[in-house]
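Before any comments, here is the structure.
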Amino acid sequence: MIVLVMGVSGSGKTTIGEALALKLGWKYLDADDYHPVANVVKMRAGVPLEDSDRWPWLEKIHEELVRLTAAGKNVVLACSALKESYRKQLSAGLDLRIVYLRGSYEVMRCHIERRHGHFAGASILAGQFADLEEPKDALVLDVTATPGEIADQVIHQLNLPLGSSRNQPI
């Protein structure tokens, strides 16, 4: 199984995804780690990504998800997955559940301004909100709760098993 933790920049995907993976004993993937250098350069410059930037990135993530699930791993994936077509690309042929971290532009902007060392700044936030297609088939959670509270809500509401043995080394 894969749990996709999605939302715009500043929603807490990484922090919540890491906390969730730790509580579950699952593999954690951060989609940001799969961006090609050109995408990172654009985002650092405040230039929103276009679909042509995202498709190769999404395909690379999907290939890794397929590999991990074929090896018997459960995965928590932190990824913006802003559009329905992106989520379909990521989930193709996989058991994927969506957790959508929802919050206002102002809350997300404040979150972004408080974090350090991330390549995506507040300048791309407007473009992400413009691209966002809220999922209809997701667990929707408000980002104003603490990351631990949100991780606990995900586990409870999706009825996920703690400490899954499917993630022991192969």
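The values are calculated or read from the model by the stated rules, or taken from the named source; none is laboratory data. The model shown is predicted, which means the values in this text are computed figures rather than measured ones. Every residue, glycine among them, receives a Cβ derived from its backbone with ideal geometry; neighbour counts consider all protein chains shown. When the accessible area is computed, the model is the full protein with side chains, heavy atoms only, and any ligands, DNA or RNA have been set aside. Shrake-Rupley method; radii C 1.70, N 1.55, O 1.52, S 1.80 Å.
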Result of the Cβ filter at 9 Å on region 126-142, keeping first residues that are within 18 Å of Leu96 (Cα to Cα) and partners that are among the hydroxyl-bearing types (Ser, Thr, Tyr) and surrounded by 17 or more Cβ atoms within 10 Å (Cβ to Cβ), at least 6 apart or interchain, is Glu133/Tyr86; Glu134/Tyr100; Pro135/Tyr100; Ala138/Tyr100; Leu139/Tyr100; Val140/Tyr100; Leu141/Tyr100
Restricted to region 122-142 and to residues being modelled with pLDDT of 80 or more and open to solvent by 70 Å² or more (accessible area, probe 1.4 Å), the residue farthest from Ala81 (Cα to Cα) is Asp142
Taking region 143-170 and keeping residues at pLDDT 75 or above and aliphatic (A, V, I, L, M) leaves Val143, Ala145, Ile150, Ala151, Val154, Ile155, Leu158, Leu160, Leu162
Condition set in contact with a strand residue (DSSP E or B) (Cβ under 8 Å, 6 or more places away or on another chain) and more than 15 Å from Asn74 (Cβ to Cβ), scope region 1-26, selection surrounded by the fewest Cβ atoms within 10 Å (Cβ to Cβ): answer is Thr14
When region 27-65 is checked residue by residue, the ones that are assigned to a helix (DSSP H, G or I) and open to solvent by 60 Å² or more (accessible area, probe 1.4 Å) are Asp33, Val37, Ala38, Val41, Arg44, Ser52, Trp55, Pro56, Glu59, Lys60, Glu63
Conditions (1) open to solvent by less than 20 Å² (accessible area, probe 1.4 Å); (2) in contact with a Gly (Cβ under 8 Å, 6 or more places away or on another chain); (3) of a type in the set (Phe, Trp, Tyr) -> Tyr86 fails only (2)
Scanning region 89-106 for residues that are open to solvent by less than 40 Å² (accessible area, probe 1.4 Å) and either touching a Gly at 6+ places or on another chain (Cβ under 7 Å) or at pLDDT below 95 (or both) gives Tyr100, Leu101, Gly103
The lone condition Ser80 fails out of (1) touching a residue at least 24 places away in the same chain (Cβ under 8 Å); (2) polar (S, T, N, Q); (3) assigned to a helix (DSSP H, G or I) is (3)
Reported set for region 55-73 where residues are within 10 Å of Tyr34 (Cβ to Cβ), out of contact with any helix residue (DSSP H, G or I) (no Cβ under 7 Å at 6 or more places or on another chain) and of a type in the set (Val, Ile, Thr) is none
With respect to Ala70, is the statement that it is touching a residue at least 24 places away in the same chain (Cβ under 8 Å), closer than 30 Å to Pro161 by Cβ and either buried (at least 19 other Cβ atoms within 10 Å of the Cβ) or over 17 Å from the mean Cα position of the chain (by Cα) (or both) true?
-> no
